[in-house]
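Take a look at the structure below.
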Amino acid sequence: MARWPLVLCALGALASPLNQIALSPSRAAAPTVQIGANLPAPPVYDPTVRPLVLWHGLGDSWGSPGMLEFMDMLRETHEGMFVYSIRIKEDLEKDQQAGWFGDLNEQIEQVCEQLLNITELQDGFDAIGFSQGGQFLRAYVQTCNSPPVHNLITFGSQHMGVSDIPMCKPGDIWCLLARSAVKRGVYSGYAQHNLVQLMPVADTKAQYFRDPKQYDLYLSANRFLPIVNSELPPHLPPPFPLTVLANLVLIRFTAEQTVNPPVSSHFGSAPAENATAEIPMREQELYREDWIGLRKLDERGGVVMLMCEGQHMQLKKECWEPIVMRWTGGAAAKVTQSRLQAFWNHPAGPKTVFFWAPMMKWCLVAAGLKDLSRPADKLSVPQNVALAATGIIWVRYSFVIIPVNYSLAAVNLFVGGTGMYQLYRVWDYRRALAKQTKPAVLPAAA
């Protein structure tokens, strides 16, 4: 912990704003947006145009001038489109800080709940992630995907993490000190629980720092990326593999100097230990073994890899506009899906464990219904205490998981209620038995 004050002090000297979107001269000089201050009337949305969700990158906030202008340009590209910018905090300054500090797993859970409660998104949406926002949106897809994402577009994202910190300028002692401290402490418990990234100007993130030379340490200590990429044995698939997407569009910048290695934006990674060549996407073990559904999505033509001219997040209109025109704004899911298709493709539908787990439990309950007629003196108190307790616990859990599983809640409510009913029968039987065996009280002698 002793080196973290040094790191945090150095951040102040290192931090500089990211050029997320190329602003027009009028917007570039705009003051900080204050929520609720002289906001224009909300636009009218066309329900037949698929909505779009954005997740900003490092050093930005959900309502920064650049993000607001980009949202306006998106609405001009697709008239009537509902555009939403994800926020961890409503306050712009705190939202910007959340890109540096916080537990990513908690932030993903928060976003799952946030998007689930937006009416305009309920039939699905397209999504664009800028820099780290790209892998965060992918984590949303693989974790909850409710409402579902149709097309996911990522600009300069780090899908295979970052494996090094960009070099410092000659003689920059603060940068050198911070770089040294960061590399020593990136896998510490403090960093993995509290730091989304460690050096804002370098766009280096503790919770997706992936050093091939310390791969075992990365697997054991990193709390985010190994889980999202299913790198931990036995490589269990995520709740929602990438095959739920129609398209995954990966954009890399030609003059990338911030993301190291740049090929991470295309699902590539730094050379393995004792090797010199970078590992492209189709040679990754997670691709060949298809841990997250990336290979199946690619084989059906759903993975698109593109290049944009310029350095990291110097996003020009000639780059993003054709991409947005092609992969966003399509017909909304409500228009293109029948009720049967919507049920089949629902996050808790027949294609998922969320549907079949409660169904199997209902079958077990049906098989055990004869226990309801078992004599009270044959019932096991510990067994029914466990039945009641687990039923109640699982009812609560059914409303915590995403998506909320009402079928699972119903079957566990029945299980918990059955356990309590059986315990009542045992208590009632023993009470009646005690009355029958109670010795008669003889009258007192005269």
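By how many nm would the segment from Asp72 to Asp216 lengthen if fully extended, with 0.36 nm per residue of separation less the alpha-carbon distance?
47.3 nm
Based on Cβ point charges of +1 for Lys and Arg and -1 for Asp and Glu, what charge dipole magnitude is obtained for the stretch 214-353 about its Cα centre, in debye rounded to the nearest 20?
Roughly 800 debye, rounded to the nearest 20.
Please report Cys319, Cys363 as a ranked list, fewest other C-beta atoms within 10 angstrom at the top and most at the bottom.
Ranked by crowding around the Cβ, least crowded first: Cys363, Cys319.
Neighbour counts of other C-beta atoms within 10 Å: give me Trp62, Trp327 arranged from fewest to most.
On the way: Trp62 23, Trp327 19.
Placing the least packed residue first, the sequence is Trp327, Trp62.
In the stretch 43-126, which GluC sites (Glu not before Pro) are in a loop and have at most 14 other Cβ atoms within 10 Å, using DSSP for the loop call?
For GluC sites (Glu not before Pro) across the stretch 43-126 that sit outside H, G, I, E and B with at most 14 neighbouring Cβ atoms in 10 Å, the list reads Glu79, Glu90.
What percent do you get for the relative contact order of the stretch 342-431 when only Cα pairs under 8 Å and 6+ apart count?
So the answer I get is 32 percent.
How far apart, in nanometres, would the label points at Glu321 and Phe414 be if each is projected 7 angstrom from Cα along the Cα-to-Cβ direction?
In this crude spin-label approximation the distance works out to 5.9 nm.
How much length is gained if the chain between Asp91 and Glu109 is pulled fully straight, taking 0.36 nm per residue apart and subtracting their Cα-Cα distance, in nm to one decimal?
Full-extension gain reported as 4.6 nm.
Show me the trypsin sites (Lys or Arg not before Pro) within the stretch 76-169 that DSSP assigns to loop and that have at most 15 other Cβ atoms within 10 Å of their Cβ.
Answer in residue order: Lys89.
Along Cα→Cβ, 7 Å out, is where each label goes; now give me the distance between the ones at Glu299 and Val385 in nm to one decimal.
Rounded to a tenth, the inter-label distance reads 5.2 nm.
Would you please give the FRET efficiency between Arg374 and Lys435, computed as 1/(1 + (r/R0)^6) with r the Cβ-Cβ distance and R0 = 25 Å, to the nearest 0.05?
FRET efficiency, Arg374 to Lys435: 0.65.
Read-outs: derived from the displayed coordinates by stated rules, not from any lab. Predicted model, so just to flag it, every value in this text is computed and none were measured. Note: ideal-geometry Cβ built from the backbone for every residue, glycine included; neighbour counts use all protein chains shown.
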